[in-house]
Amino acid sequence: MNKTAKVIGFIPVRCGSKSIPLKNIKEFCGKPLLFWSVQALQESASVDVVYVATDCKEIMDCVKTFNFSKVKLYERDSLNAQDRSSTESVMMEFLSKHPQANNDLFLLVQATNPFLTSVNVNEAIALLQSSKADSLLSCCLSKRFFWNKDGTPLNYDFRKRLRRQDYQGLFMENGALYVNTVGNVLRDQNRLSGSIAVYEMEEFTGYELDEPHDWVICESLMNELILKDKAPDYSNIKIVMTDVDGVLTDAGMYYGEHGEEYKKFNTQDGRGFEILRMNGIKTAIITSENTSIVERRAKKIKADFLYQGVQDKLSIAKEICTLCGFTLDQVAYIGDDVNDLDLLLNAGLAACPANAVEKIKSVPKILKLQSQGGEGAFREVVNMVCRAK
C-alpha cells in the first residue's frame, strides 16, 4: 500500500434485530456491544478514520457518547437497512457518496464479533501488505469434523480418525474483519477480491452474538481472555471529585410537614473523605444545586473544595486542577446524570453509581459501581483509589 493511502474503518449497524432488540447497543461486558468494535479501530495506529453507518437514532446517540476522535457517523439509506439488505449494498452506497482514492484500504468490521482488538487490526493490515494479496479476511482455526446430510464425511476419513492435536483443521470465517482496497470494492462490488490472505484469530473468536444465549458465552470469554489483563491503574489519581444528588445521596428529596428539606447522606462515604485526606488525596464536591444542607455536610467531612450552583462542571474541574497543579488525567469524578457527562468524558477515572441514568452508564471506560447513590458509591471509589496507592 502506498504510504499516502488512507485506511478507512467501516462498521455497518442497524436498528432492526429479530432475535435481540437493538442488539448492537445492548450492554456487553459493561459497554454497548458496538463500543468494542469501534474502540478496536479507534485505538489502531493504522486506521485514519472510522465510519459507523446506521439508520438508527438510538445508535447514533450511543456512538456520540463514545467521544472517539476518529469516529464519524454516516446515516445509511433505510432501503439498505432491511432484513434482506446486504452489507455490500451499504458499502457501495457509502462509497458512492464519499469517494475515496482507489488505493485506500477499506476495513469492514462487524459489530457482532466483539473480540477484535487494535492489535488484530494492525497485524491484519501488515499481513495484507507483506503478502501482496489483493484482500484479506479474518478466520479462526476449527478442528471439528464435519459431515454432509447424506452421511458422508466432509473433511476427514472416519476410518482413519485423527487425534485433535494431529489434525490440521480448517479455517472458519469469523466475521470480525475484512480488508480490501476501495478500487477493488468498487470494481467487484464485494468485500473480497482477487487473491485473498487469511488472518488467523484465536479459536474462541468464532462465536458471534446472534442469539440471547450467545451473550452469556461471549461475555464469559471476553472477561476471561481479553479483559482480565486490562485492569485500570488508579495510582495517578490526585483528587476525587463528586456530584451530590444521586451520588452522595440517594437522589431522594425529603420534605417535612412545614416545608423543611432533607437529604440522606451515608456515613461510610463521609469516612471516605477522611481516608482520602490521610492518603494525601484532595476532594471536591461539585453540584448544580445550592443548599445550606450541602454546605454543612461539606464542612463536616472537610471537603477541600465545594462548588454549588454549577452548570458547567468541566470548567470548574479545570479551575480546581489549575489551582492544585493537577491535570484532568489525575481526576476521579463520580456522577450519575446528564449534567455530569462532559466531566465524566474528560476525567482520568470516570465512575457512576449503579442507579445512574443509562446515558451515563454508556460513557466509554466508565466504572459502573456496585453501590447505588447514597449507599456507599463514593466509598467504593475511595477504596479502589487508595488500594492503588
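No lab work stands behind these numbers, since they all come straight from the coordinates. Bear in mind the structure is a predicted one, so any value in this text is a computation, not a measurement. As a convention, Cβ positions derive from the backbone with ideal geometry for all residues, glycine included, and neighbour counts pool all protein chains shown.
Per residue of region 75-88, what does 6.51 cos²θ - 1.76 cosθ + 1.60 with θ = phi - 60° give for ³J(HN,Hα)? Whole Hz please, x for Gly and Pro, Karplus curve as stated.
7, 6, 5, 4, 5, 9, 10, 8, 4, 9, 5, 8, 4, 4
Rounded to the nearest 500, what is the 222 nm mean residue ellipticity of the chain from helices alone, with -39500 (n - 2.57) per DSSP H run of 4+ residues and division by all residues? Spell out each step's value before the answer.
Working: 12 runs with 118 residues, N = 389.
Taken over the chain, the calculation gives -9000 deg cm²/dmol.
Can you tell me which of 147-158, 208-219, 336-347 comes out highest on packing, and rank the rest after it, using the mean Cβ neighbours within 10 Å? Walk me through the numbers before you get to the answer.
Working: 147-158: 9.3, 208-219: 14.8, 336-347: 20.8.
Top to bottom by mean Cβ count within 10 Å: 336-347, 208-219, 147-158.
How high is the FRET efficiency between LYS97 and ASP210 when r is their beta carbon distance and R₀ equals 41 Å, given to the nearest 0.05? Intermediate values should be presented prior to the final figure.
Working: r = 29 Å, r/R0 = 0.72.
E between LYS97 and ASP210, to the nearest 0.05, is 0.90.
Applying a 10 Å radius around every beta-carbon, put 312-321, 38-47, 365-374 in order of their mean neighbour count, most first. Intermediate values should be presented prior to the final figure.
Numbers: 312-321: 17.6, 38-47: 21.0, 365-374: 19.2.
With the highest mean Cβ count within 10 Å placed first, the list reads 38-47, 365-374, 312-321.
Out of the DSSP beta bridges found with both residues in region 239-388, what percent are antiparallel (nearest 5)?
Working: 3 of 19 bridges.
Bridges in region 239-388 are about 15 percent antiparallel.
Which whole-number percent is the relative contact order of the chain (Cα, under 8 Å, 6+ apart)? List each step's numbers first, then the result.
Working: 745 pairs, mean separation 57.9, N = 389.
Relative contact order, the chain: 15 percent.
Which shape class applies to region 201-252: rounded if a/c is under 1.5, otherwise prolate when a/b exceeds b/c and oblate if not, where a ≥ b ≥ c are the square roots of the Cα gyration tensor eigenvalues?
Working: a/c = 5.54, a/b = 1.81, b/c = 3.06.
Oblate, because a/c is 1.5 or more while a/b does not exceed b/c.
So which aspartates and glutamates pass the test for LYS389, namely a Cα distance under 13 Å, with those fewer than 8 places away in the same chain ruled out?
ASP233
Ranked from highest to lowest mean number of other Cβ atoms within 10 Å per residue, what is the order of the peptides 175-184, 48-57?
Working: 175-184: 23.2, 48-57: 20.3.
Going by the mean number of other Cβ atoms within 10 Å, highest first, we get 175-184, 48-57.
For helix 57-66, what angle does its Cα long axis make with the longest principal axis of the chain, in degrees from 0 to 90 and rounded to 10?
70
Of the listed values (i) 1.13; (ii) 0.99; (iii) 1.07, identify the label whose number matches Rg/Rh (Cα atoms, Kirkwood Rh) calculated from this model.
(iii)
Across region 135-151, in residue order, what do the Karplus-derived ³J(HN,Hα) couplings come to in whole Hz, using 6.51 cos²θ - 1.76 cosθ + 1.60 with θ = phi - 60° and x for Gly and Pro?
My calculation for region 135-151 gives 8, 8, 9, 8, 9, 10, 7, 10, 10, 8, 9, 10, 10, 7, 5, 7, x Hz in order.
Which value, in Å³ per residue, describes the convex hull spanned by the Cα atoms of region 239-388?
On the way: hull volume 15.4 nm³, N = 150.
That works out to 103 Å³ per residue.
Taking Cα centroids, how far is region 85-111 from region 293-340 in Å?
Measuring centre to centre over Cα atoms gives 45 Å.
Between region 129-184 and region 4-33, what is the separation of their alpha carbon centroids in Å?
One Cα centre to the other: 25 Å.
If the limit is 26 Å between Cα atoms, which of LYS238/LYS313; LYS26/LYS238; LYS64/LYS313; LYS70/LYS365; LYS57/LYS228; LYS57/LYS263 go over it? Before the final figure, lay out the partial values.
Values: LYS238/LYS313 18 Å; LYS26/LYS238 34 Å; LYS64/LYS313 19 Å; LYS70/LYS365 17 Å; LYS57/LYS228 33 Å; LYS57/LYS263 37 Å.
Over 26 Å Cα-Cα: LYS26/LYS238; LYS57/LYS228; LYS57/LYS263.
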